[in-house]
Amino acid sequence: MSNIHFFDSASNPKLEAYQNLKDAGRLKREGRFITEGRYVTERLLLSDYDTESLLISENRVESFRDDLQCDVPSDVPVYVLPEKEIEELVGFQFHRGILGCGKRGLNLDIENILPSSEEPLLLSICPDVGQAENLGQIIRSSRAFGVDALILGESCCDPFSRRALRVSMGNALYLPIYTSSNIAHDLAHLKVDWGIELVGTTLDEEALSLPETQFHSRVGLIFGNESKGMRQEVKDLCDHLVTIPMQTGMDSLNVGVAAGIFLYQVANEKVVEIPE
């Protein structure tokens, strides 16, 4: 392949995108993201996101084309380095064989990622989810259960961080995502202008029980922060609060696990009216 380039040093300027990957803020400022491993990198190559380059370890160069279940476009350079040089370059032990560098898209207006106001709609809304693993789980479940878009608050973690992409198995690349600069304003907009029923997921004893709740055809499920739950201004905007009933002595579920349960229930709900 003419697009394979062999380097023997991590200092080559063409490898700049992969330098010190622990500095996630740099990648975000540069409009880039990094995929790790075959599966997530395949999904980058097959997505609508532009692939800037690939980086593979020298001991994988003979097999990587067979490992990947898709073609690498001829205009995407494939950089090859000895594994020790890759570890020096990226700043951690490297065992996954392949990295990809993608280009982030623009943060579209919320109207650009939502379907018609007359269609059924399911949104995942994360105002303050702070851990990449949890957000990755929510993204993966959202894609599995037919969520139309993911709405993130201004303090939510990055859905294109290496860890979030890895846990989501690259599904962030196939789910419309909008990052709000004022989540309370945008939630009010969704209620008033888009007719979306906002349902807060909570541990409150007064909340509706999930198995007994009937959902509207246009619903936004709101998942709170891992330790603090929903901030009050978000909770005040909710039309309803819903909880998962659990055994006595069990205080909570991980937000990523809980989101999967809520999304499964809503996606399979046939009734379209929420009781008062």
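Odds and ends about this structure:
- Scope segment 124-138; condition of a type outside the set (A, V, I, L, M), under 11 Å from the mean Cα position of the chain (by Cα) and within 21 Å of residue 148 (Cβ to Cβ); matching residues: 124, 126, 134, 136, 137
- Residue 76 vs. criteria assigned to a loop (DSSP other than H, G, I, E, B) and in contact with a Ser or Thr (Cβ under 7 Å, 6 or more places away or on another chain): yes
- Screening segment 79-95 for residues that are at negative phi and assigned to a loop (DSSP other than H, G, I, E, B) and picking the one that is modelled with the lowest pLDDT gives 95.
- Scanning segment 145-170 for residues that are outside any loop (DSSP other than H, G, I, E, B), touching a residue at least 60 places away in the same chain (Cβ under 8 Å) and surrounded by fewer than 20 Cβ atoms within 10 Å (Cβ to Cβ) returns a single hit, 166.
- Number of the condition not met by residue 50 [criteria: (1) closer than 22 Å to residue 6 by Cβ; (2) in contact with a Lys or Arg (Cβ under 6 Å, 6 or more places away or on another chain); (3) of a type in the set (Asp, Glu); (4) modelled with pLDDT of 90 or more]: (1)
- Looking across segment 208-236, the residues that are within 25 Å of residue 157 (Cα to Cα) and buried (at least 18 other Cβ atoms within 10 Å of the Cβ) come down to 219, 220, 221, 222, 223, 224, 225, 229, 230, 234.
- Hits in segment 111-134 (condition: in contact with a Lys or Arg (Cβ under 9 Å, 6 or more places away or on another chain) and of a type in the set (A, V, I, L, M)): 121, 122, 123, 132
- Set 30, 42, 16, 62: member being in contact (Cβ under 8 Å) with a residue 24 or more places away in the chain and of a type in the set (D, E, K, R): 42
- For segment 192-237, the set of residues classified as on the phi > 0 side of the Ramachandran plot and not in a strand (DSSP E or B) consists of 195 only.
- Remark: pairs (first residue in segment 116-133, under 15 Å from residue 269 (Cβ atoms); second residue among the acidic types (Asp, Glu); Cβ separation under 6 Å; 6+ apart in sequence or on different chains) = 121/148; 122/148.
- Hey, residue 203 under 19 Å from residue 265 (Cβ atoms), out of contact with any Asp or Glu (no Cβ under 9 Å at 6 or more places or on another chain) and of a type outside the set (Asp, Glu) or not: no
- The listed residues are 85, 30, 16, 62, and the only one of them that is crowded, with 16+ Cβ neighbours inside 10 Å and not aliphatic (A, V, I, L, M) turns out to be 85.
The values are calculated or read from the model by the stated rules, or taken from the named source; none is laboratory data. All values derive from a computational prediction rather than experimental measurement. Methodologically, a virtual Cβ is constructed for each residue, glycine included, from the backbone with ideal geometry; neighbour enumeration extends over all protein chains shown.
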